[in-house]
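The values are calculated or read from the model by the stated rules, or taken from the named source; none is laboratory data. Since this is a predicted model, take the numbers as computed values, not measurements. Positions of Cβ are backbone-derived with ideal geometry, glycine not excepted, and every protein chain shown enters the neighbour counts. Heads up: the accessible areas ignore ligands, DNA and RNA and are worked out on the full protein's heavy atoms, side chains in. Shrake-Rupley method; radii C 1.70, N 1.55, O 1.52, S 1.80 Å.
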Amino acid sequence: MDKKKALLIINPISGTRSKHGLAAAVKNHLSNLKTEVVVKETKAGGDAFNMAREAVDNGFDMVITAGGDGTVNEAANALAFSKCTLGILPFGSGNGLARSVGVPQDTFAALKLIEEGHVLNCDRGIVNGHPFYCTFGIGFDAAVSEKFATMKKRGRVTYIRSAFREFLNYRSQPYAIIINGKMITEKALLIAVCNAPQYGNNAYIGPKAKLTDGLLDITVVHADNPFNTLLMSMDMFTGMLDKNRGIGTFRVPSLTIIRTEKGPVHLDGEPMQMGKKLEIKCERKALRVFSPEKNTNFQPFISPIRAILDDMRYDVMAKFRQLENTVYSNLDQTKRGGKDSIHNIPKK
């Protein structure tokens, strides 16, 4: 069996969890596969893309990312339409692609998934030449992403606070949607183009979207009163958004959206400025990514509840491991006669 080569890309500032000992854990797990692991850390935006592209050029078999959605997307763009497979160790706040392909939020469970070696060939979306893997959005969610990017603090609470403030002032906008030469006009709070079911954080904006069907699920959230909009947001976390009367949905391989003026958009949560005309299409089987061999079909209520329970279980496990590592670290320091060692306690 020929030795395989893997690149581990670590974003040291993503998320809130420590990555201490991660490189050693990855090397240990992949040693069973006779895989040589090269470890690199990002220092600035674009590093993950450049590192992953170099890995492709040098014939690496896989690139494993330990970071948030930005790190994952950079690597994915470099690996697109290559034979190199993406492995994801989720360390972000949303982890949209990881959740959509069924990667566990627990690091060791995600590593085991890579060991098992099952590969999913995922589609991706393209808008005006820019790729996305989960969702592209204009309107309210793009405005929130733009504001959130300027926040010093990250995380779920900060995002919710930012979304609420933006909601108080945001006004719905008119859009023209062109499909197969036919134009539909809409006044919408937002339009989400979904290659995958969720934004991240178990927020299902396109619950029936599939990463492998060659189609994009379009969710149009119509202009409505604040109370009904609040109900829509609740439906998004139960997986029932497509059943809400204030929502329009359709599934297409490509479309064009025209708005009244240029402005913010988001690609997988990352804000960007684009023009009035947005040309969007699905590219089939663009990315190889490690995923469970059996991916259970999405079930409203059941799947979101299961995901929330898994997240809670994982949080408890992560805190226990952090405590365990702290205890072992302190014991090791004591044995070595560190500053807190019992050998350094002054005698009375």
(message) Suppose the chain between E279 and A223 were pulled fully straight at 0.36 nm per residue; how much longer would it get relative to their current alpha carbon spacing?
(response) 17.8 nm
(message) Could you sort I302, I191, I258 by their accessible area in this structure, using a 1.4 Å probe and putting the largest first?
(response) I302, I258, I191
(request) Round to the nearest 0.05 the FRET efficiency obtained for K294 and S31 when R0 = 30 Å and r is the Cβ-Cβ distance. (result) 0.70
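Which order do K243, K262 take when ranked by solvent-accessible area (1.4 Å probe, heavy atoms of all protein chains), largest first? Intermediate values should be presented prior to the final figure.
Values: K243 120, K262 155 Å².
Order by accessible area, largest first: K262, K243.
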(message) Could you work out how much longer the chain between H20 and K112 gets when fully extended? Use 0.36 nm per residue separation minus the Cα distance between them, nm to one decimal.
(response) 31.2 nm
(request) Give me the accessible area of S31, 1.4 Å probe, in Å² rounded to the nearest 10. (result) 60
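Name the shape class, rounded, prolate or oblate, that the alpha-carbon gyration tensor gives for the stretch 1-125, where a ≥ b ≥ c are the square roots of its eigenvalues, rounded holds for a/c under 1.5, and otherwise prolate holds if a/b is larger than b/c and oblate otherwise. The partial results should precede the final answer.
Values: a/c = 1.21, a/b = 1.09, b/c = 1.11.
Rounded.
Measuring with a 1.4 Å probe in the full set of protein chains, what accessible area per residue, in whole Å², belongs to the stretch 59-147?
Numbers: 2280 Å² over 89 residues.
Counting only protein heavy atoms, the per-residue value for the stretch 59-147 is 26 Å².
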(request) Classify the stretch 208-273 as rounded, prolate or oblate from the Cα gyration tensor: take a ≥ b ≥ c as the square roots of its eigenvalues, call it rounded if a/c is under 1.5, otherwise prolate when a/b beats b/c and oblate if not. (result) oblate
(request) With all protein chains present, calculate the accessible area of K3 using a 1.4 Å probe and round the result to the nearest 10 Å². (result) 140
(message) Solvent-accessible area of H118, probe 1.4 Å, all protein chains present, reported in Å² to the nearest ten, please.
(response) 60
(request) Rank these residues by their accessible area, most exposed first, probe 1.4 Å: L30, L120. (result) L120, L30
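Going down the list K3/K40; K210/K277; K187/K243; K43/K83, which pairs span over 24 Å between their C-alpha atoms?
Values: K3/K40 20 Å; K210/K277 26 Å; K187/K243 19 Å; K43/K83 26 Å.
Cα-Cα > 24 Å for K210/K277; K43/K83; rest within.
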